[in-house]
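One structure below.
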Amino acid sequence: MLEIKNLHATVDGKAILKGIDLSIQAGEVHAIMGPNGSGKSTLSYILTGREGYELTEGEILFKGKDLREMEPEERAGEGLFLAFQYPVEIPGVPNTTFLKEALNAIRRYRGEDELDAMQFVKMVREKTKLLGINDEMLKRAVNVGFSGGEKKRNEALQMAVLEPAMAILDETDSGLDIDALKTVANSVNLLRKPENAMLVITHYQRLLEYIVPDRVHVLADGRIQRSGGKELALELEEKGYAEFAGAA
Amino acid sequence: MTDAFTDHFGALRDHFPGQDLPWLAELRDRGLQRFAESGLPTPRLESWKYTSLRPIEKVDFAATGVPRACVSIDQAPSLLPDHTDCHRLVFVDGHLRRDLSQLGDLPAGAKLLPLSEQLAADPDWLQTHLDRLDDSQLPPMLALNTAMMMNGFVLHLTRGTVLPHPVEVVHLGGAGDAPLAYHPRNLVVLEEGSQATLIEHFSHMGEQAYLSNSMTEASVGAGAILRHYKLQADALNAFHLATVEAEIGRDATYDSFVMTTGARLSRNETSVRLNGEGATCHLNGAYLVRGEQHCDNTTVVDHLVPNTTCREVFKGVIDDKARAVFQGKLKVHRDAQHTNGHQLSKVLLLSDRAEIDAKPELEIYADDVVCSHGATAGDLDHDALFYLRARGIPEAEARAMLIEAFLGESIDQIAAEGLCPALMTSIGHWLADSRREV
């Protein structure tokens, strides 16, 4: 599903990613762990096409398509979703309007019929019920005045509504209480189907208790230093990243 | 240019309504004299520092004398979804079109009529309201309006009269075969405890240049409420100069919103005198300008007595080489303790060449007051833009969503049912036009 080959990237002219190779197949969940400043968030922004993050070498294929030439909205249309580490507040835009616009934009991109207001409300209600999210959250402006936990729940709701082929979770567990963590994990596990894939970026192993990965990679100094099965996460939890400190 | 207007005056002299009234003829003469002395305002005047009327001088305006019959139109647009109940006056090229107007059922105690009719019916009453400005202090455009005032309307509510339906005044310009200049004069008198909603809609039927130099005097008596909302969507080569002078009494409220999308050059100049305890004014506005448009919102609020309140928020979206001006003066007089005055100008600059000149001014002579002002200008929030795009919303739509949200917050505050959707629609059209040009 996702093929990253020899990926180099810079931010403000500074080299952050220095040759990443990563291959994620449909049905798999991969975790990327690493110390602060190792390039984890840069990787998520490079994948989703954020301005200011420049790919200088290598290539990224998503479902066989070259992502380099695509706008962020086209990548979303192709089925890529980033759960933000810091979800953005958007005053004046109701959450439900945002969700409906996003879903219908993606449906338009795929040549599918848009959902009308009734169909949309019905669908969203099902998702909020499934995730145990209060419908009241839909009426509020996007993330405005939301607690940290509410913001992450809202990311989970968007993910459930948009049903991406591949979700990237960027430090989704940071600053979360256990209930919000479970909501997020539920949403992720709903998407865990043979045709979908997932990339979980995290500093700690805690989230991986709820979202069990197939593969774990250690990112340090812009490169993947080591890869292994889920037991690698536990090992890192025990030993920390000291082993890779030299590299970073 | 001054000569041109003086010529207009000579040509129209015999057509002016009420010319047989000595006080009015004298008033006009004094206005003209004052204007002849001052000429059009120039940037040398402090209050016109950021707005130059030079482009007006380059147009050869004709005076609008008698209405021409050739303008054919069946009905005028309305900003209200259901305007069957509202009271409508429609002006085309500055002239009242009775066939398009609809006074409706006005309650007892309410009067709505064109200035000329009021002059015929009750000139003495009108004199007490019109003939009280201090000539020597008259600003140039007001002096010109005083000399040339021809059309306009009078809205008068006696004590306790509440208008259940809004008054909608529609001005359509640009239909003529030559550039026209006109100077509407409006008078709104709300006596104690009365209430009205006044909606003004400026639009156009053609693309001919025109100059509208209007003056609206409003007197809001004790406990009365005047809601005054305006959409200025004039033709893009029109000039729109509008002065509002409002006097707000004890516990009375003046709630104003001015939205600008049209005109090559526009200026809304609003002066409010809060002269009764408990008086409140809201002076809000929104504007969207692009190309080479110039939009000026200038306000002066005088807090004259204790316990008065003013809230002022102007939000603008400026694209291309357009330019906006916000001047907000808040003057707290010596006796006006416990004044509550807040003023804010917020602007989105969508291009490198867009410009805003924001000049807040606080003059405070009382010591126990709460006053604030602020001005911000910036680009659309890049983080928000990326967030929307990362969810699949194309860039143009994402930008439009953020702009609508930015202005929508102000428009939601308008207390006239049915008007908000029309204003949001006009924003939607503006954004759609922007996208088409890209």
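The values are calculated or read from the model by the stated rules, or taken from the named source; none is laboratory data. Being a predicted model, the structure only gives us computed values, none of them experimental. Cβ coordinates were reconstructed from backbone atoms using ideal geometry, including for glycine residues, and neighbour counts include every protein chain displayed. Note: areas computed on protein heavy atoms with side chains; ligands, DNA, RNA excluded. Shrake-Rupley method; radii C 1.70, N 1.55, O 1.52, S 1.80 Å.
Here are some notes:
- Residue in the range B:365-377 that is in contact with a helix residue (DSSP H, G or I) (Cβ under 9 Å, 6 or more places away or on another chain) and within 14 Å of another protein chain (Cβ to nearest Cβ) present: no
- Residues located in the range A:209-248, provided they are part of a helix (DSSP H, G or I) and open to solvent by less than 10 Å² (accessible area, probe 1.4 Å): A:232, A:233
- Identity of the residue in the range A:106-140, outside any helix (DSSP H, G or I), within 14 Å of chain B (Cβ to nearest Cβ) and out of contact with any strand residue (DSSP E or B) (no Cβ under 8 Å at 6 or more places or on another chain), that ends up least open to solvent (accessible area, probe 1.4 Å): A:115
- Once the range A:65-74 is narrowed to residues that are more than 8 Å from chain B (Cβ to nearest Cβ) and open to solvent by 20 Å² or more (accessible area, probe 1.4 Å), the residue that is nearest to the chain's Cα centre (by Cα) is A:74.
- Subset of the range B:180-210 that is more than 18 Å from residue B:279 (Cβ to Cβ) and either open to solvent by 30 Å² or more (accessible area, probe 1.4 Å) or outside the structural domain of residue B:117 (by TED's automatic domain parsing) (or both) - its residue that is modelled with the highest pLDDT: B:204
- When residue A:164 is tested against (1) in a loop (DSSP other than H, G, I, E, B); (2) more than 14 Å from every other protein chain (Cβ to nearest Cβ); (3) not aromatic (Phe, Trp, Tyr), exactly one condition is not met: (2).
- Residue, farthest from the chain's Cα centre (by Cα), within the range B:379-393, restricted to residues that are more than 7 Å from every other protein chain (Cβ to nearest Cβ) and charged (D, E, K, R): B:381
- Subset of the range A:90-101 that is in contact (Cβ under 8 Å) with a residue 40 or more places away in the chain and within 8 Å of another protein chain (Cβ to nearest Cβ) - its residue that is nearest to residue A:50 (Cα to Cα): A:90
- Residue list for the range A:49-64, filter: touching a residue at least 60 places away in the same chain (Cβ under 8 Å) and open to solvent by 60 Å² or more (accessible area, probe 1.4 Å): A:63
- Filter result for the condition that a residue is among the acidic types (Asp, Glu), more than 12 Å from chain A (Cβ to nearest Cβ), closer than 20 Å to residue B:315 by Cβ and touching a strand residue (DSSP E or B) at 6+ places or on another chain (Cβ under 8 Å), over B:433, B:357: B:357
- Once the range A:172-225 is narrowed to residues that are over 16 Å from the mean Cα position of the chain (by Cα) and among the β-branched types (Val, Ile, Thr), the residue that is farthest from residue A:22 (Cα to Cα) is A:178.
- Every test in (1) under 16 Å from the mean Cα position of the chain (by Cα); (2) within 21 Å of residue A:228 (Cα to Cα) is passed by residue A:35 save one, and that test is (1).
- Looking across A:152, A:193, one residue alone is in a helix (DSSP H, G or I) and at pLDDT 85 or above. It is A:152.
- Hits in the range B:142-163 (condition: open to solvent by 10 Å² or more (accessible area, probe 1.4 Å), over 11 Å from residue B:184 (Cα atoms) and among the hydrophobic types (A, V, I, L, M, F, W, C)): B:162, B:163
Yes or no, residue by residue, for (1) open to solvent by 50 Å² or more (accessible area, probe 1.4 Å); (2) touching a residue at least 40 places away in the same chain (Cβ under 8 Å); (3) out of contact with any strand residue (DSSP E or B) (no Cβ under 9 Å at 6 or more places or on another chain):
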residue: A:149; (1), (2), (3): no, no, yes
residue: A:162; (1), (2), (3): no, yes, no
residue: A:165; (1), (2), (3): no, yes, no
residue: A:168; (1), (2), (3): no, yes, no
residue: A:179; (1), (2), (3): yes, no, yes
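- Qualifying residue in the range A:1-8 (condition: open to solvent by 10 Å² or more (accessible area, probe 1.4 Å) and either part of a loop (DSSP other than H, G, I, E, B) or of a type in the set (Phe, Trp, Tyr) (or both)): yes
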